[in-house]
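The next block holds one structure in the form of structure tokens; read it before the comments.
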Amino acid sequence: MTFLHNLLVTILLLGLLCTLGRAAAVDLSLEPHQDRAAASKEEKRDWWQVAQFYQIYPRSFKDSDGDGVGDIQGIISKLDYLKEIGVTATWLSPIFTSPMVDFGYDISDFFDIQPEYGTLDDFDQLVAEAKKRNIKIILDFVPNHSSDENEWFKKSVKREKGYEDYYMWHDGYVNSTTGKREPPSNWLQAFRGSAWEWNEDRQQYYLHQFAVQQPDLNYRNPLVVAQMKRVLTYWLDRGVAGFRMDAVPWCFESLPDDTGRYPDEPLSGYTDDPDNSAYLKHIYTQDLRETVEMVFQWRTLFDDYQRVHGGDTRIIMVETYSGLDYVMQFYGNRTAKGAEIPFNFQFITGGNGDKNNKQLTAVGFVKIINSWMVQMPAGKTANWVMGNHDQRRVGSRYGEDRIDLMNMLQMFLPGVSVTYQGEELGMTDLDISWEDTRDPSACNSNADIYEEFTRDPGRTPFQWSDEANAGFSTNSSTWLPINPNYQTVNAKTENASTTSHLSLYKQLTQLRKLKTLQLGSTRYANVGDNVLAIKRSLSGEATLVLVANVLDTKVTGVDVAGPLYASGNYKIKVSNPQAKASVGDSVTLSNLSLEPYAAIILESV
């Protein structure tokens, strides 16, 4: 019955979304996956279901010792800022010991801290100081690979007992025509080129689906599975509230055939560049069912840990850009619990893709929202991720005029909100020259095409003030250049302004504490191409409505009352500067006028 119901609802909603030029509405109060407890305002959510998550890229957050690189003491020094802007949990990109080939995602010691970031004592202090402010610390867990400088890999190269098969090794094949040894398959790494690298000492190839210095661990080896569970337990013992799990879809690969040969992956047809990862369809190296089941094992580990040690739920956040039918599997099923938060990247990958959504219409916004809400399993919690350290910034992808609008949308939708550092300020991308490029994804290309692959523009240092180096560091230079717009786009300046991006962001984090936004049902609609409207309602509480003109043309006579099934009187509770409206003004839902990029949140009276 559940499957048939979902199928019928999906068909109905897709039909509604095909309606262009007039209102198309979706009512999630009718959906089986909608928060059914919304009918009761006494219902409570677990801490993470209503949390305001905030991603910190430590290298670029705050430098405390003047070396041009952010560090743990820098984070500690800014915990009061996180508290002030309403953050309840922050996840840190990797801070473990690393040669920094991929800036922490190549880990040489999973049990210690990278010296330029600090020490274990610094980390313990961070957890303790954050706890005083009711902020939880989430760590970035990198399960797929280690650094080639990790002792595990060095022992595996030497075939030491217990480590022989810790990684993915293969003899490869001798080409009968050329007599040269060739890789075991045509598999490609994410950072361009073959995913296989020859090791002279061991006289075999090893698999690396990212940089050459990031060999893939072998999750078909029980010793590896047990080792990584020890890593998780070690950091749980140090007080972390959960993990964001990196590059999860790559953890398992298809098995070789009876002759030991791995299958070649088919051509994708997306590009003619044979070194580009997109040249192949990754049907044998990504998105295997075994990977989902490994996440289920980690969930069981966390649940067992909590039964013994008590405390709040320890959560799993899964990074995956896979198809939604695969992503949804990470939530779990009737027999196995999964991740609380399989990341929803639809605002990154949807619309016109991850580079430019500046012309996305209200119809496109509804499709993005709907893509997640329709497919989400019953009883699960949605999450909304607008950006991260691997992407161009929201203001650069969606347009600077939409920065407030996007933050308002993210905070207003049901479920979990995840902000990448600096998005609350409206930080934008900085074009990084080839000479200043640090990202291995770009460095593995060339000066002509690197901008297609670089992630550096969204990783520039946080802009704290209008002082030298944006108040990020006292050093004469920083690990990446600082955006020159820091003189106006910075935390200090914006904190002193009532109309800044930061000021609005703080209003929104306070608004999210309302029961209507935490428990209420949701209905959303587009009115033509310009207007996106969302209603959140809860019995016995004031109804809230978000109305946004997502395009650069003014609209008048807009009726959102009909599509939202909304009636009664409303007043403005929050607005962005483009709305040219005042808080407390009365409005008529059936006859709205909206300036270009105006966004207002209304409250019933």
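The values are calculated or read from the model by the stated rules, or taken from the named source; none is laboratory data. Since the structure is predicted, the reported quantities are computational estimates derived from the model, not experimental observations. Virtual Cβ from ideal backbone geometry, glycine too; neighbours counted across all protein chains shown. The protein model used for the area step is the full one, side chains on, heavy atoms only, and it has no ligands, DNA or RNA in it. Shrake-Rupley method; radii C 1.70, N 1.55, O 1.52, S 1.80 Å.
Roughly how tilted is helix 222-237, in degrees to the nearest 10 and between 0 and 90, from the longest Cα axis of the chain?
Compared with the principal axis, the helix lies near 50 degrees.
If one computes P(r) from the Cα atoms of the range 520-562, what percent of pairs lie at distances over 12 Å?
Details: 538 of 903 pairs.
When all Cα pairs of the range 520-562 are counted, 60 percent exceed 12 Å.
May I ask for the Kirkwood hydrodynamic radius of the range 520-604, worked out over all distinct Cα pairs and given in angstroms to one decimal? Walk me through the numbers before you get to the answer.
On the way: mean 1/r = 0.0797 Å⁻¹.
It is 12.6 Å.
When the Karplus curve 6.51 cos²θ - 1.76 cosθ + 1.60 is applied with θ = phi - 60°, which whole-Hz ³J(HN,Hα) does each residue of the range 556-572 get, with x for Gly and Pro?
Those phi angles translate into 10, x, 7, 10, 9, 4, x, x, 8, 6, 10, 9, x, 9, 9, 10, 6 Hz.
For the chain, what is the accessible area per residue in Å² when the probe is 1.4 Å?
Result: 39 Å² per residue.
Determine the order of Val605, Val142, Val174 by accessible area, beginning with the largest, at a probe radius of 1.4 Å. Write down the numbers at each step before the final one.
Values: Val605 110, Val142 0, Val174 85 Å².
Largest to smallest exposure gives the sequence Val605, Val174, Val142.
Rounded to the nearest 20 debye, what is the charge dipole size of the range 62-121 about its Cα centre when +1 sits on each Lys and Arg Cβ and -1 on each Asp and Glu Cβ?
On the way: 3 positive and 12 negative charges, 64 e Å.
That gives the range 62-121 a dipole magnitude of about 300 debye.
Any idea what Rg and Dmax come out to for the range 451-497 if you just take the C-alpha atoms, in Å?
Expressed in Å, the Cα Rg and Dmax of the range 451-497 come to 11.6, 37.
Rounding to the nearest 10 and keeping the result within 0 to 90°, find how far the Cα-based axis of helix 501-511 lies from the longest principal axis of the chain.
Value to nearest ten degrees: 80.
Shape of the range 252-308 from its Cα gyration tensor (a ≥ b ≥ c, root eigenvalues): rounded if a/c is under 1.5, otherwise prolate when a/b > b/c, or oblate? All intermediate terms of the calculation are to be shown ahead of the outcome.
On the way: a/c = 4.95, a/b = 2.11, b/c = 2.35.
Verdict is oblate for the range 252-308.
Given a Förster radius of 25 Å and the C-beta distance between Trp47 and Ser503 as r, what FRET efficiency does 1/(1 + (r/R0)^6) yield to the nearest 0.05?
Numbers: r = 26 Å, r/R0 = 1.05.
Computed FRET efficiency for Trp47 and Ser503: 0.45.
How big is the range 103-202 in terms of Cα radius of gyration and Dmax, in angstroms?
Spelled out, the Cα radius of gyration and Dmax of the range 103-202 are 19.4, 68 Å.
Could you tell me the relative contact order of the chain? Use alpha-carbon pairs under 8 Å, at least six residues apart, and round to a whole percent.
Details: 1286 pairs, mean separation 91.5, N = 605.
With pairs under 8 Å counted, the relative contact order is 15 percent.
Nothing charged except the Cβ atoms of Lys and Arg (+1) and of Asp and Glu (-1): what's the magnitude of the dipole of the chain about its Cα centre? Round to the nearest 20 debye.
Numbers: 58 positive and 79 negative charges, 526 e Å.
Roughly 2520 debye for the chain.
Where in the range 277-300 does the label zone of Thr233 land, with the point 7 angstrom along Cα→C-beta and an amide N cut-off under 17 Å?
297-300
For Gln125 and Ser593, what is the calculated FRET efficiency with R₀ set at 51 Å and r taken between the beta-carbons, to the nearest 0.05? It would help to have the intermediate numbers written out before the result.
Details: r = 53 Å, r/R0 = 1.04.
After rounding, the FRET efficiency stands at 0.45.
Please determine, in degrees from 0 to 90 and to the nearest 10, the orientation of helix 403-412 with respect to the longest principal axis defined by the Cα atoms of the chain, where the helix direction is its Cα long axis.
90 degrees
If you take the square roots of the eigenvalues of the alpha-carbon gyration tensor of the range 378-511 and sort them as a ≥ b ≥ c, do you get rounded (a/c under 1.5), prolate (a/b over b/c) or oblate? Walk me through the intermediate numbers first.
On the way: a/c = 2.41, a/b = 1.29, b/c = 1.87.
In terms of gyration-tensor shape, oblate.
Can you send over the carbon and sulfur percentage of the accessible area for the chain, probe radius 1.4 Å, protein chains only?
On the way: 11370 of 23690 Å².
Carbon and sulfur: 48 percent of the exposed surface of the chain.
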